[in-house]
Amino acid sequence: MAADGIQPVADWTQAEAEWTQPEAEFWAPQRNGVDASFAMQPAVYADDGFFAAEQERLFGRAWVAVALAGEVARPGRLLVRSVGGRSVLLTRSDAGLHGFLNSCRHRGTELAERDCDIANTIRCPYHRWHYSADGRLVAAPLFDEVPRDDFDMANYGLIRVRTEAWGPLVFVCLNDDTPPLEEWLGDLPDRFAAYGFSEWRSTGLDGAARTFDVAANWKLIVENFAEYYHLPWVHPELAKVSRVPDHYRYQGPGMYCGQTTTPVSGDERDDWLTLPAAAGLDDSDAASGRFVALFPNVTLAVLPSHMFLMVLEPLAAGRTLEHCTFLFPPGPMTAGEPSAELRTSFEITRRFWIEVNDEYIDICERAQRGISLGGAPPGPLAPRFEEPLNRFHKMTADLMTLPSAADLTVPAGDRPGGVDLYGSEPNPLPPAIESAEAALTGKTSHS
Ligand code: FES
């Protein structure tokens, strides 16, 4: 019997039957509006059975970012990625980008163990069936020594998976019923149009790409990114340049949660803004930081001069790989060797973000330990700061429970209206896309 004041640890096994039920009590607090919303149940973050179900229902039906577009920019390169418990190959041919299950059409053997160059031919290591970069079976050695009338190589190409690119990212979707990536992204391509992300590149500088092994559930990392309630206490340095009072909502229709900081720099430090800004940004983009958590596994921290991009790879309920990359607009950071001055600026910027990320990891791992080992029942979200979590939780609940991904409803945008904009004052420098909509509707973006 529990001592006075101590809640019994949640019976996760009892809840298991509800994880995939649309009307289940398990998800009821997430269906509420923001002013009656709660955190998700401990099992969502800490139960191995939930993680397995999530791999199938959420990662098996979402558009999942699996690589940077630059990693598979040229024909002849092959990437191996894991998504929804499946191994997937990514290639590029003259016809474009391709994704396939990593399994031979002869007897199913894994075709590649890791990223490699393939000279445009994927060769099975077992009996040497050959596939072209666009997935066609082009050779089956010795197979016709005793010909089979029923064997036509055209019927044994690699199994395709839906593969698309947007901006700096390549996405895979294992489910044919999921809405197209265009619908999934909503208005993000328009919001970010002026940045020209497809032209942004990483650099070969030390530390421009790094992977962290985090002892926390992937959703805790997304949640920490998507709310700024914790900012003054967990990220005191970030709070100087991305001040709490300068945060505004940045959410149109789409499977994402967003916020913006305007202006991006407080008056205490601006050394992370010394890198050259992208050309062609309007007044709002040029003065703002955009922070977008694209469901399920990407976070984009976009500054006028650079992006700190995280792609999350869940390995277990309590373990996530965090692939972090700095990207830069076309200019002196990406054209040839950066100057000594730029390298110094980058090192200051890099150290700043790594410090913030270390703080991230520390608090997320602590949250994981508390949820796993304490298992307190979910508490209420702060409407002023944590509305994006309610939006994220609804997306999670939908993907876990919908019988068909074809029934998924992409979240609408915040504007116009205002009931979901608690505490957010009118943005003095709203993004162009919101100004344009306000003009159309005759309302301000925060009316
Ligand atoms: S399993 Fe691939 S060629 Fe036999």
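The values are calculated or read from the model by the stated rules, or taken from the named source; none is laboratory data. These numbers were taken from a predicted model, which means no experiment stands behind them. Positions of Cβ are generated from backbone atoms using ideal geometry, with glycine treated the same way; all protein chains shown enter the neighbour counts.
Numerical summary
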item: Only one of PRO332, PRO296, PRO338, PRO276 that is over 25 Å from PRO232 (Cα atoms) and either outside the structural domain of ILE221 (by TED's automatic domain parsing) or at pLDDT 95 or above (or both); result: PRO296
item: Test: residue in region 355-367 that is more than 15 Å from PHE225 (Cβ to Cβ) and touching a Gly at 6+ places or on another chain (Cβ under 6 Å); result: no
item: Boolean, GLY167 is surrounded by 15 or more Cβ atoms within 10 Å (Cβ to Cβ), modelled with pLDDT under 95 and away from the ligand (no atom under 16 Å from the Cβ); result: yes
item: Yes/no for PHE143 being near the ligand (Cβ under 10 Å from one of its atoms), over 27 Å from HIS323 (Cα atoms) and exposed (fewer than 15 other Cβ atoms within 10 Å of the Cβ); result: yes
item: Lone qualifier among GLY207, GLY196, GLY258 - being in contact (Cβ under 8 Å) with a residue 40 or more places away in the chain and within 18 Å of the chain's Cα centre (by Cα); result: GLY258
item: Residue check for TYR126: near the ligand (Cβ under 10 Å from one of its atoms), closer than 24 Å to ARG81 by Cβ and outside any loop (DSSP other than H, G, I, E, B); result: no
item: Region 91-109 residues that are without any contact (Cβ under 8 Å) to a residue 24 or more places away in the chain, paired with ones that are away from the ligand (no atom under 11 Å from the Cβ) (beta carbon under 7 Å, 6 or more apart); result: ASP94/PRO75; ASN102/VAL80; ASN102/SER87; ASN102/VAL88; ASN102/LEU89; ASN102/ALA112
item: Residue count for region 288-337, restricted to those that are hydrophobic (A, V, I, L, M, F, W, C) and either over 30 Å from ALA52 (Cα atoms) or assigned to a loop (DSSP other than H, G, I, E, B) (or both); result: 10
item: Boolean, THR320 is modelled with pLDDT of 95 or more and hydroxyl-bearing (Ser, Thr, Tyr); result: yes
item: Every residue from region 379-405 that is assigned to a loop (DSSP other than H, G, I, E, B), surrounded by fewer than 21 Cβ atoms within 10 Å (Cβ to Cβ) and modelled with pLDDT of 90 or more; result: GLY379, LEU402, PRO403, SER404
item: Conditions (1) more than 27 Å from the chain's Cα centre (by Cα); (2) away from the ligand (no atom under 13 Å from the Cβ); (3) of a type outside the set (A, V, I, L, M): number failed by GLY84; result: (1)
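Each row is one residue, and each column tells you yes or no for (1) within 16 Å of the ligand (Cβ to nearest atom); (2) more than 28 Å from the chain's Cα centre (by Cα).
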{"site": "THR91", "(1), (2)": "no, no"}
{"site": "GLU110", "(1), (2)": "yes, no"}
{"site": "GLY135", "(1), (2)": "yes, no"}
{"site": "ALA154", "(1), (2)": "no, yes"}
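Here is a yes/no grid of residues against (1) within 16 Å of the ligand (Cβ to nearest atom); (2) hydrophobic (A, V, I, L, M, F, W, C):
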residue	(1), (2)
ARG74	no, no
LEU79	no, yes
SER103	yes, no
ARG107	yes, no
ALA119	no, yes
